[in-house]
Amino acid sequence: MTLAPSARLAVLASGRGSNLAALLEAFPGQVAVVISNKRDAPALERARAAGIEALHVPWPPGGARDFEAAVETLLSSRQVTLVLLAGFMRLLSPGFTRAWHGRILNIHPSLLPAFPGLHAHAQALNAGAAFTGCSVHFVDAGCDTGEVILQKRVPVQAGDTEETLSRRLLPAEHEAYPQAVRLVLRGLAFPRPQPGEIEAEFGVNVAADAQGVRAARLLRDWGREDAVADALEGHLTPLTSLARSTDELRLAWTTLDSLSERRARWEKRGELLVQAETLGLGAHCARALAVTADEWDTTTY
Ligand code: GAR
């Protein structure tokens, strides 16, 4: 299942709303509604100040059911297709997260799977970690257990407190969340594909990984249906290698390697384009790389 790049978004927030602000700036006109379980959440004020519908939906004592039913009604009436948790400090039920599988994201202030749950900065400090960071991930029924889409790393410094560490990390969060959302809206990030989904899309019943699916989609877009099954099955032919390398390069900025290493890899894209040219796919490959080239401008972590 893919989302439209212009998909309507909802943000669920319980507090300050700085990630909400980053999302509002990155997706002007796309956030349809902001919902908080806290009546006095500054996030609601931020949304109203930006002219966005901002609603308090109480979290009843003892369970998520009434909250989720009210939110479902709001999301469907506002035609929302992607839900973004931004400092939303409640655990949604398995029924809700299953219904929104692949269409609900969260940001968490650690390099998951390390330090899930509450007080992530304190957990990193107590563990003596040299680095911490943030993770944007798909939400599943667990607490911060869903598949990671994008992570950013920041150093922990001597003498750091929860406050200094969280202040250092926050700009990385504000960069990461919009980037991860763009990946999802462009169909470049998605939960691990199930064989049934792959069969529905490509007519081949295999268990491919995300890179295999993206490579298969590239080949299909390039008019090379003949190589799609090989890409899904992980067979390396010149065409499938090209598709995999193109995919790796366009997502190179999303890895946790150092920024200089990521940029160095990107700078070598000429070699890939030459290889693509020899296979008659130079223009296609260049277009695929251009899809994420603009993300480099905003990648500082
Ligand atoms: C952010 O640091 C976010 O990562 C964290 O809450 C903060 C919200 O700040 N979320 C979690 O800890 C979720 N487990 P914000 O309201 O300014 O965006």
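Residues of region 122-144 that are of a type outside the set (A, V, I, L, M), within 26 Å of Arg182 (Cβ to Cβ) and surrounded by 14 or more Cβ atoms within 10 Å (Cβ to Cβ): Thr132, Gly133, Cys134, Ser135, His137, Phe138, Asp140, Asp144.
None of Leu169, Leu185 is within 12 Å of the ligand (Cβ to nearest atom), closer than 29 Å to Phe27 by Cβ, of a type in the set (A, V, I, L, M) and in contact with a Pro (Cβ under 6 Å, 6 or more places away or on another chain) except Leu169.
Entry remark, region 20-60: residues being under 19 Å from the mean Cα position of the chain (by Cα) and in a helix (DSSP H, G or I) number 7 in total.
Out of region 232-255, which residues are among the basic types (Lys, Arg) and free of Cβ contacts under 8 Å to residues at least 40 places away in the same chain?
First pass over region 232-255, keeping only residues among the basic types (Lys, Arg): 244, 250.
Correct list: Arg244 only.
There is at least one residue in region 6-23 that is modelled with pLDDT under 95, surrounded by fewer than 17 Cβ atoms within 10 Å (Cβ to Cβ) and not basic (Lys, Arg). Tallying residues that are within 18 Å of Val181 (Cα to Cα) and either touching a helix residue (DSSP H, G or I) at 6+ places or on another chain (Cβ under 9 Å) or more than 10 Å from the ligand (Cβ to nearest atom) (or both) within region 89-109 yields 10. Taken over region 114-150, the criterion of being within 13 Å of the ligand (Cβ to nearest atom) and over 21 Å from Glu175 (Cβ atoms) is satisfied by Pro116, Gly117, Leu118, His119, Ala122, Gln123, Gly142, Cys143, Thr145. Any residue at all in region 195-214 that's touching a strand residue (DSSP E or B) at 6+ places or on another chain (Cβ under 7 Å), in contact (Cβ under 8 Å) with a residue 12 or more places away in the chain and of a type outside the set (D, E, K, R)? No: region 195-214 contains no residue that is touching a strand residue (DSSP E or B) at 6+ places or on another chain (Cβ under 7 Å), in contact (Cβ under 8 Å) with a residue 12 or more places away in the chain and of a type outside the set (D, E, K, R). Any residue at all in region 52-69 that is away from the ligand (no atom under 13 Å from the Cβ), out of contact with any strand residue (DSSP E or B) (no Cβ under 9 Å at 6 or more places or on another chain), among the hydrophobic types (A, V, I, L, M, F, W, C) and more than 28 Å from His119 (Cβ to Cβ)? Checked against the condition, which is being away from the ligand (no atom under 13 Å from the Cβ), out of contact with any strand residue (DSSP E or B) (no Cβ under 9 Å at 6 or more places or on another chain), among the hydrophobic types (A, V, I, L, M, F, W, C) and more than 28 Å from His119 (Cβ to Cβ), region 52-69 yields at least one hit.
The values are calculated or read from the model by the stated rules, or taken from the named source; none is laboratory data. These numbers were taken from a predicted model, which means no experiment stands behind them. No Cβ is skipped: glycine too gets one built from the backbone with ideal geometry, and neighbour counts run over all protein chains shown.
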